[in-house]
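Have a look at the structure below before the remarks.
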Amino acid sequence: MNFKTSDGLKLHVEISGKGIPCLFLHGGPGYWSKSFQHFSKELLENKLQMIYLDQRGCGRSEHSATKAYSLQRIIEDIEELRLFLEIDEWLLLGHSFGGLLAVNYAHQFLHRTKGVILSNATLNMATSFTHQIHTGANLLGLDKDDFCTVNMNTLMQSYYSMLSLLLDNGAYFNFQYVDLTNKKKMDEIDQEGIESAPNFQQYIFSSEEFFQDFIPLSLAVHKPVLIIAGKKDDAVGPTHHHAFKFPIYDIQQLNTGHHPYVEHPSAFKRAILRFIHDNY
């Protein structure tokens with residue numbers, strides 16, 4: 001179904017399953033929710049009412065002609081969706097960039113947040129991008145000091161330079177997958193109709209607002225939090241979550257890359273269902 005925001009954009013939303021309402025926030029930035037939905041159907045929908053949202057400017061949702069992609073506007077979309085669905089309180093499940101959105105929403109609307117599940121989430125994109133740059137330099141036998149990251153402009157220049165080098169060497173997707181056959185599974189789903197969202201991603205990657213350190217916000221999220229991290233996740237960094245400061249949390253570190261719901265679905269399911277059982 002489509003949900004219309006207060007500024008007139010139609011956002012794509014699908015709801016399936018039974019149990020506690022749980023909003024999935026995809027990463028990218030600029031990806032979509034369909035691939036996660038494909039796997040989540042068997043993993044989570046027996047215990048959770050899953051709400052799959054394509055963020056504005058992403059996937060099957062409308063793009064903003066005025067590039068209204070600010071962090072606050074996206075958070076408002078989430079709250080407007082909750083009101084539209086008449087949900088009093090819900091869980092937020094954020095993957096990668098979606099974790100940044102989930103924590104910002106929980107910080108602003110804690111009384112509407114039942115809990116937060118962070119799957120391979122970054123709360124500081126600058127730190128995660130720096131990790132990718134340094135890991136790439138080590139992998140390619142380059143001097144990491146040749147890639148300047150002292151401010152956002154140099155960080156993004158170094159990031160794009162490293163991205164190009166990794167793609168040329170066929171190494172980039174090893175940052176996300178332990179086994180590249182799992183990437184093929186994702187690609188098969190994405191070929192079903194995803195539209196790229198370059199304007200959305202370009203906005204995010206050129207906005208200092210999104211490159212703030214949001215880790216301090218975690219101190220104020222006094223709700224149960226599950227942190228799922230991949231031991232081999234070089235997209236956000238396998239130890240990035242060590243800096244999080246949630247008052248109530250559990251950490252499940254899995255032997256996966258950036259997409260545990262594809263690479264180790266049974267462990268991913270077990271971690272979330274145990275979290276649900278223990279807290280609700």
The number of Lys pairs in segment 132-280 whose alpha carbons lie under 18 Å apart, excluding pairs fewer than 8 residues apart on one chain, is 4
The value for segment 192-280 (convex hull of the alpha-carbon atoms, volume per residue, Å³) is 141 Å³
If one builds a Gaussian network model of the chain from Cα atoms under 10 Å apart, the most fluctuating residue listed among 75, 117, 87 is 87
Contact order relative to length for segment 94-150, counting C-alpha pairs under 8 Å separated by 6 or more residues, stands in percent at 32 percent
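With a ≥ b ≥ c taken as the square roots of the eigenvalues of the C-alpha gyration tensor of segment 204-254, please select rounded if a/c is under 1.5 and otherwise prolate if a/b is larger than b/c or oblate if it is not? Kindly include the intermediate steps, with their values, before the conclusion.
Values: a/c = 2.75, a/b = 1.15, b/c = 2.39.
Cα axes put segment 204-254 in the oblate bin.
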In the chain the accessible area split gives carbon plus sulfur, as whole percent at 1.4 Å, a share of 48 percent
Against the 2.2 N^0.38 Å rule of thumb, the C-alpha Rg of segment 1-117 sits at a ratio of 0.96
Any residue on another chain or 5+ positions along whose placed amide H is under 5 Å from the amide H of residue 229 is listed here as 120, 252, 253, 254
The answer for the chain, accessible area per residue at 1.4 Å probe in Å², is 43 Å²
For 116, 150, the accessible-area ranking with a 1.4 Å probe, largest leading, is 150, 116
With +1 at each Lys and Arg Cβ and -1 at each Asp and Glu Cβ, the charge dipole magnitude of the chain around its Cα centre, to the nearest 20 debye, comes out at 660 debye
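Mind ordering 57-68, 6-17 by average Cβ neighbours within 10 Å, highest first? Each step should come with its number before you reach the end.
Values: 57-68: 18.0, 6-17: 15.8.
Ranked by mean Cβ neighbours within 10 Å, highest first: 57-68, 6-17.
The values are calculated or read from the model by the stated rules, or taken from the named source; none is laboratory data. Since the structure is predicted, the reported quantities are computational estimates derived from the model, not experimental observations. Cβ coordinates were reconstructed from backbone atoms using ideal geometry, including for glycine residues, and neighbour counts include every protein chain displayed. Heavy atoms of the whole protein, side chains included, go into the accessibility calculation; ligands, DNA and RNA do not. Shrake-Rupley method; radii C 1.70, N 1.55, O 1.52, S 1.80 Å.
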